Amino acid sequence: MKRALRYIKNSLKNVDIPLLLVTTAMIIFGLIMVFSSSSVTSVLSYKKTPYYFFEKQILVVIVGLFVSLIIVNFPTKNYGVLSKLGMILMIVLLISLKTYGTVTNSARSWFKILGFSIQPSEFAKTFIILYLACTYSKIKKFKSVSDVFLPMIPCIIIFFLVALEPDLGTASIIAIICMFIFFSLPLSNNKNIKILRIATVIAAIGGVFFLNFNSDILTSAQASRFNFKNPCSRYLEETGYQVCNGYIAIHNGGIFGVGLGASTQKFLYLPAAHTDFIFPIIVEELGLIGGTCVLIAYIIILFRILVIARNATNLRNSIIAFGTFAYILSHIVINLGGLLALIPLTGVPLPLLSYGGSFMLNIMILIALTQRVNIETKRKRETEY
């Protein structure tokens, strides 16, 4: 027992304390809200106890804690081979989904193993970040387009495999992560690289408009998500029904909320109350004050990760932290933007709060990796003085 406590104490030395405290608080708060928002669904829809999703989420958090303790003690320089093997594994698993995957919400994105749903595309995001970090860090100077583009090829393959599940939300986040990393690279003023940067932005914007106006290439469920404006006028449609009931939950909450556990919209009015639409439940029960506190917590987390990225002593560690920043920010923006009908609803969960085993474990891994970056930065500075 003493040895375990000593190991934990040594592991926490040199971590970013504000990031650790706020992340821990958000995980605990997320567990409380998962129980509150899922208790009705557990009984009425799944015929389980009210604690069904809550217990599964706690188990994932415990596993995540053990994995995190290992990660913060594992040097980032050793991820080179592991990241490449991980990318190969992710491509194989994503291809295997076509045969062995289970369909949920019109997407074949999960493997069912021992009662748990495992989503390979979630872990693909982490391996993409590690792979790009380790690969780009070996390039001394980015002089040509091939230096930038060739490492992206496996990421592009994963992007299309995820998009074909079809899971446009996850595919979009993979694209955003790659773009963030691309624009964070210390590129030269080479004319071709400048053209590549401009072309990347144009391609991203063009892709959105192409999907918006060419719905023939999308499934009916996907195409309906691009019709996201005025959700309450489309109440009988799935996306309109969900977003409109999210509005009702936020309206019910007012400034102070109706009280923890007292939500009415979780009584099957919001089909994804414990996953994609957990934020409206938070606002309904804890009011705009509770919702504002959540947003402030996210700002603190993102700011601390950005500070760690900027202070990193090498490109590999900087990309790991920047990739984590992009991952969390894109999830927040896409989730909140979708439930407020500002962008299409894509089924993207909210970091540290939404129910989801693969998602929670993956985000804990990424935050642990960022903490490892901070540890290495502090240790290097200590040796310099």
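Quick check: is even one residue across the stretch 297-319 in contact (Cβ under 8 Å) with a residue 60 or more places away in the chain, crowded, with 24+ Cβ neighbours inside 10 Å and under 15 Å from Lys125 (Cα atoms)? Scanning the stretch 297-319, I find at least one residue that is in contact (Cβ under 8 Å) with a residue 60 or more places away in the chain, crowded, with 24+ Cβ neighbours inside 10 Å and under 15 Å from Lys125 (Cα atoms), so the answer is yes.
Whether a residue is closer than 21 Å to Asn317 by Cβ, among the polar types (S, T, N, Q), crowded, with 16+ Cβ neighbours inside 10 Å and in contact with a Lys or Arg (Cβ under 9 Å, 6 or more places away or on another chain) was assessed, and Thr41 does not pass this test.
Enumerate the helices (runs of 4 or more DSSP H) found wholly within the stretch 1-106, keeping only those where 3 or more residues are closer than 23 Å to Phe127 by Cβ. Answer list for the stretch 1-106: 17-44, 52-71, 79-100.
Condition first: farther than 24 Å from Val162 by Cβ and touching a Leu at 6+ places or on another chain (Cβ under 8 Å). Can you find one or more residues in the stretch 91-105 that meet it? Scanning the stretch 91-105 turns up no residue that is farther than 24 Å from Val162 by Cβ and touching a Leu at 6+ places or on another chain (Cβ under 8 Å). Taking the criterion of being β-branched (Val, Ile, Thr) and more than 15 Å from Ala175 (Cβ to Cβ), the residues of the stretch 111-152 that qualify are Ile113, Ile118, Thr126, Thr135, Ile139, Val145, Val148. In the stretch 117-154, of all residues being in a loop (DSSP other than H, G, I, E, B), over 22 Å from the mean Cα position of the chain (by Cα) and not charged (D, E, K, R), the one that is nearest to Ile91 (Cα to Cα) corresponds to Ser137.
When the helices (runs of 4 or more DSSP H) confined to the stretch 275-385 are screened for residues that are within 18 Å of Ile28 (Cα to Cα) and over 16 Å from the mean Cα position of the chain (by Cα), those reaching at least 1 such residues are found at 278-311. Scanning the stretch 160-174 for residues that are buried (at least 21 other Cβ atoms within 10 Å of the Cβ) and in a helix (DSSP H, G or I) gives Leu161, Val162, Leu168, Gly169, Thr170, Ser172, Ile173, Ile174.
Every number in this text was worked out from the coordinates using simple rules, so none of it is lab data. Every value quoted in this text rests on a predicted model; they were computed, and no experiment measured them. FYI the Cβ positions are ideal-geometry reconstructions off the backbone, even for glycines, and counts take in every protein chain you see.
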